[in-house]
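Presented below is the structure to which this report refers.
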Amino acid sequence: MMENIHQWLVVALFVICSLITTVKSDVSNHKYKSGDAVPLYANKVGPFQNPSETYRYFDLPFCLPDDLKEKKEALGEVLNGDRLVSAPYKLDFLVDKDSESICSKKLSKQDVGKFRKAISKDYYFQMYFDDLPLWGFIGKYDTKEQKYYLFKHLQFEVLYNKNHVIEVNVQTDPTALVDITQDKEVNVDFMYTVRWKETNIPFKKRMDKYSQNSSLPHHLEIHWFSIINSCVTVLLLTGFLATILMRVLKNDFVKYAHDEETAEDQEETGWKYIHGDVFRYPQHKSLFAAALGSGTQLFALTIFIFILALVGVFYPYNRGALFTALVVIYALTSGIAGYTASSFYCQLEGTNWVRNLILTGGLFCGPLFITFCFLNTVAISYSATAALPFGTIVIIGLIWGLVTSPLLVLGGIAGKNSKAEFQAPCRTTKYPREIPPLPWYRGTLPQMAMAGFLPFSAIYIELYYIFASVWGHRIYTIYSILFIVFIILVIVTAFITIALTYFQLAAEDHEWWWRSFLCGGSTGLFIYGYCLYYYYGRSDMTGFMQTSFFFGYMACICYAFFLMLGTIGFRAALFFVRHIYRSIKCE
């Protein structure tokens, strides 16, 4: 069974890579001859500080091209909010142009108002030239004169190497401005200039410039130093606690062995005293098994994403590759969730495995679907590009119905038929022991706070760079650092859960199953707390749409972390509990 699963995962990885790497330009080889038309697409416009609030380029009254065509986009590109259409600028290969006119347009009062509103919100535009991104601002606000100016002349500079486009930049002519401060009709002559320059940069390195800001020597040095400093601190604390825990455990083993030799009828204390209850199945075991299944799937999803990132699939501006990967991998790994949940549920002597499977399928997808419906409605009301077209929603529904659900069911059937038994070193008594009164700091919430703080302290430095990339305009490319941080997060989460589980059992509290899951997953709550700090303290995002998108989708991401790290915490605690009770004589 395991060999088949491994083979299936390898095949799935090849399928994912092939799907993602098909996101290419119209001209597949990117080679041109002099005078050839190089594809230029206008993508979107929006407030610079609100990355989720973007609109179609021609929602503003720019000059329309003679043949307006929409570019066919992959699933990930649509999810990313890209809506590429043909631009009115003609940038033919190696053909210079000087103050070429696009059109002479009479802007109505309504058009002037649209541009003025856009400039007041610091709107930028984005285009793609031969799959290379370029940005520019629509206009500027002069604070001294308190006037709004629209840029009417764009200057393109294109670098080429033989028959390849290597780099493209766009600037605005500071002398070609149109005053749109007043509500009146304005005549505007939109123009552009094109300059071609030769460069020695090879074609395969043309994307390097977009990742330079994140990998400049001084930035990289500060980044590594911060990560190493954080990791060393966390590992020292972890090692210190591990040493104490190992010593305490060693003393416990010696004490219990001595008690068995000297006085068979001596009253037991500590964690040995509850050996008849420690493997008693938890309440709501169907929900517990479903949470483990979903967490295991999300962990597998994360590992696959890291593999693709480390092999270079997510290079800068490989449009929509990450979103495509997330959708496809999540669909293909749903069998892992079904198998894990159903197998564990049957080990806990559950009978209604069909209901457990339905619960597993909806535990993460349900909240995500509800959040998506709300946020997509908000995007539709704003007429933003974040609103998914009906066709894309149908495609995602088909993926869920034809791939995710069948694999979930197949995994559930395989798990049900695995006939695995729960491995418990001690027999469980018929009636549970009463848990003694415990101080407040041994309660679930204080324990979760303690459990989440240490893992969060290992990743909080890296969180800023990730947030600045996802919810800003920085580019994240140093996936090796992120992978190291993730490994440390997993290790620290596992250890802190083990430590707190030991202290809980030593206090003769045998209800550790759900506690270990909640403590392991509590880092997700800390990450959501960091979201509040980042939004109000480190970003300039504003508006209802951006706020709802940020906190809505971050809630789903933090919930995914909660399930994934909760699963890791429980698995580590289960391994530890089995080990210590196997090491003593319980009968």
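Within region 522-556, list the chymotrypsin sites (Phe, Trp or Tyr not before Pro) lying in a DSSP loop whose Cβ has at most 16 other Cβ atoms in a 10 Å radius. Loop-located and lightly packed - none at all. Taking only protein heavy atoms and a 1.4 Å probe, the accessible area of the chain is 61% carbon and sulfur.
Which of the pairs LYS71/LYS144; LYS71/LYS105; LYS147/LYS209 have their Cα atoms more than 31 Å apart in this structure?
Numbers: LYS71/LYS144 42 Å; LYS71/LYS105 26 Å; LYS147/LYS209 35 Å.
Long pairs (Cα-Cα over 31 Å): LYS71/LYS144; LYS147/LYS209.
Of the trypsin sites (Lys or Arg not before Pro) found in region 26-67, those that fall in a DSSP loop while having at most 11 other beta-carbon atoms within 10 Å are LYS33. Over all distinct alpha-carbon pairs, what is the Kirkwood Rh of region 515-570 in angstrom? In region 515-570 this quantity evaluates to 11.8 Å.
Based on Cα contacts under 8 Å between residues 6+ apart, region 36-205 shows a relative contact order of 26 percent. Placing R0 at 25 angstrom, the Cβ-Cβ distance between LEU64 and ILE475 gives a FRET efficiency of 0.20 after rounding to 0.05.
Among LYS90/LYS117; LYS33/LYS72; LYS90/LYS205; LYS97/LYS197, which pairs are too far apart, with a Cα-Cα distance over 18 Å?
Check vs 18 Å cut-off fails for LYS90/LYS117; LYS33/LYS72; LYS90/LYS205.
Pop out the Kirkwood hydrodynamic radius of the chain from its pairwise C-alpha distances, inverse of mean 1/r, in Å to one decimal. Radius from the Kirkwood sum: 27.4 Å.
Using the C-alpha atoms of region 36-205, what convex hull volume per residue, in cubic angstrom, is computed?
Once divided by residue count, the hull of region 36-205 is 132 Å³.
The trypsin sites (Lys or Arg not before Pro) of region 453-541 include none that DSSP puts in a loop with a beta carbon having at most 10 other beta carbons within 10 Å.
Relative contact order, whole percent, for the chain stands at 17, derived from Cα pairs under 8 Å and 6 or more residues apart.
Report the calculated FRET efficiency for ALA555 and GLN283 (r = Cβ-Cβ distance, R0 = 22 Å), to the nearest 0.05. Can you show the working numbers first?
Working: r = 26 Å, r/R0 = 1.17.
Efficiency for this residue pair is about 0.30.
When restricted to Cα atoms, region 85-151 yields an Rg and a Dmax of 14.7, 41 Å, respectively. Each label point was placed 7 Å from the Cα along the Cα-to-Cβ direction; for ASP98 and PHE483 their separation is 5.2 nm.
Summing +1 for each Lys or Arg and -1 for each Asp or Glu among the other residues whose beta-carbon sits under 14 angstrom from that of PRO446 gives +1.
In this structure, TYR536 and ILE413 have a Cβ-Cβ separation that, at R0 = 51 Å, corresponds to a calculated FRET efficiency of about 0.60.
The values are calculated or read from the model by the stated rules, or taken from the named source; none is laboratory data. What you are looking at is a predicted structure, and each value in this text was computed from that prediction instead of being measured. All Cβ positions, even for glycine, are placed from backbone atoms using ideal geometry, and neighbour counts span all protein chains on display. Note: areas computed on protein heavy atoms with side chains; ligands, DNA, RNA excluded. Shrake-Rupley method; radii C 1.70, N 1.55, O 1.52, S 1.80 Å.
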